[in-house]
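A.B. asks: Have a look at this one.
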Amino acid sequence: MAAVVLSEAEKLYIVHGVQEDLRVDGRGCEDYRCAEVETDVVSNTSGSARVKLGETDILVGIKAEMGTPKLEKPDEGYLEFFVDCSSNSPELEGRGGEELGTDIANTLYRVFSCENSVDLKSLCINPKEHCWVLYVDVLLLECGGNIFDAISIAVKAALFNTRIPKVRVLEDEEGTKEIELSDDPYDCIRLNIDEVPCVVTLSKIGYRHVVDATLQEEACSLASLLISVTSKGAITSMKKVGKGSLDPESIFEMMETGQRVGKSLHIALQKILDEEENLGTSRPKVGFLG
Amino acid sequence: MAAVTMRLPAARAPLDSSTPRGGEKHLVAPGDTITTDTGYMRGHGTYVEDDKLIASVAGVVERVNKLVCVRALKGRYNGEIGDIVVGRITEVQQKRWKVETNSRLDSVLLLSSINLPGGELRRKSAEDELAMRDYLQEGDLISWHRQAEVQSIFSDGAVSLHTRSLKYGKLAQGVLVQVSPSLVKRQKTHFHDLPCGASVILGNNGFIWIYPTPEQKDDEAGGYTANLEPVPLSDREVISRLRNCIMALVTHKIMLFDTSILYCYEASLPHQIKDILKPEVTEEIVLEAQQRLLDSEG
């Protein structure tokens, strides 16, 4: 991750601030920066979303394509994640960003590995033969700290925005199956995102932990916990990152904080997605030129 | 209680400044024709093509008699001699340090240019060379001012720095804000002790350092022993508020100097510190600060 270098005195200032629940930008330990969410920003995708969380800028595009189901799950579709961080900084160009990209992609696979997160059976067209594969492409446009949370919010928003065309399977006399796409472009199926989890990263700074760390705060934290939480507060996966160690007591505390914060995150996100949906076509599209 | 706010993006409308200050500014983009009059000399940011003077950067056209140049709105720091800058040590080399100052090249700080702890002034010996990391390490922040360049060594244009006075030196606890160098107004002094309870160093290179005002002006410290005691909560609130106000002014491209920062701080007092960065609150306090600045100008 592109990290900033800080002097010892600056790090000390940040650590003491966190102990007193007053971070450098005035937030408390459990406050998020103001986030901007917009869906349907890329026109030739099935669904897309852009999330700006402080300095962090993420773009997610989802394309639905037809493929063959996996052997062990013949009546389900699946998701494929690909993360690109090359536009972030010179050191992440080419091969450099690959390590970070695969790391993020593996985390996303883990977060979505829970069976209920996305209704994969609805993505099946013909068991064992055809199914919808959702290719989720994540673009890290700018890294300002806390990229995992921003990515998971963007993926959830993009899944909400995804429209998969309805298909009918026709069987003729010889038994060969033909797939017919509906003529109406608005005739499509939407995904149910109620169970899609969001990632909450809790960084341990000093004796306390903070949510939504900036780059400077990440430089002061030795260990972090990534928790994926659903809207009902159920934890679907957990991962510890960083070279420092975490006390089991503090892990429990961080999990509780993660659940609380995760639920608020889902409520806020659902509210904004519904608001955007209700505006319909009258919504002023900002995109990348705002 | 966790606070999570999300919003839909809104295209940012420029602040309505109904009274043009000092006449209309001639803004150009790269490729715009400035003038077709051939009597002008071309300065920085312009080039001549087909007898027309064309801008090569986006900025404001400045004319001094026959010289026309374009001052870019956003760019790396191009220093003048005598500027105050805040920088971060990136490398420790033989007899000198490399410092990052948001300019095209890293600046150079020679071992012979610094004051040793305790205020000693003596020739630096071989032991001092080996102990360079004890004074300044990678990651440390320092404030100093620019000296004339030594022509033979720095013919590549790198900037030479100079921290002779005890007022400059290593910075201790505080917050660094990085802004574009074009937003920092040139003033007589760049070290300000604001009445709200914190102090600010407005580096000409766009690095702004906000720190708690030291109680007594400690001249013997020499600037290398950092005060590592926790900063009290009241000072922290002032510093966080100042940091958010500076970010608000930067978002709306207002020039940064002690009065503008102070007016913005006073306008932000009714709001909570973390709310200052919300777009609607930012706009409100910046408009109020701008209005006060216009009123005070006359």
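Where a number appears in this text, it was derived from the coordinates with a stated rule and is not lab data. Fair warning: this is a prediction, and the values are worked out from it, not measured in the lab. Quick reminder, even Gly has a Cβ in these numbers, built from the backbone with ideal geometry, and neighbours come from all protein chains shown.
A.B. asks: Near B:Lys98, which lysines are there with a Cα under 16 Å away, not counting those fewer than 8 places off in the same chain?
C.D. replies: Once the sequence-local lysines are set aside, what remains near B:Lys98 is B:Lys170.
A.B. asks: State, as an integer percentage, the relative contact order of chain A based on alpha-carbon contacts under 8 Å between residues 6 or more apart.
C.D. replies: Contact order relative to length: 19 percent.
A.B. asks: Okay, moving on. Scanning chain A for chymotrypsin sites (Phe, Trp or Tyr not before Pro) in DSSP loops with at most 14 other Cβ atoms within 10 Å, what's the longest stretch left with none?
C.D. replies: A:1-185
A.B. asks: Still on this structure, please answer the following. Over chain A, how many percent of alpha carbon pairs lie in each 10 Å bin up to the one with the longest distance?
C.D. replies: Cα pair-distance distribution for chain A, in percent: 6, 26, 33, 22, 9, 3, 1, 0.
A.B. asks: Now for a different question. First check a/c for the stretch B:28-72, with a ≥ b ≥ c the square roots of the eigenvalues of its C-alpha gyration tensor; if it is under 1.5, answer rounded, and if not, answer prolate when a/b is larger than b/c or oblate otherwise.
C.D. replies: Values: a/c = 1.98, a/b = 1.12, b/c = 1.76.
It comes out oblate by the Cα gyration axes.
A.B. asks: Using helices alone, I'd like the mean residue ellipticity at 222 nm for chain A: each DSSP H run of four-plus residues gives -39500 (n - 2.57), total over residue count, nearest 500.
C.D. replies: One gets -9500 deg cm²/dmol as the mean residue ellipticity at 222 nm.
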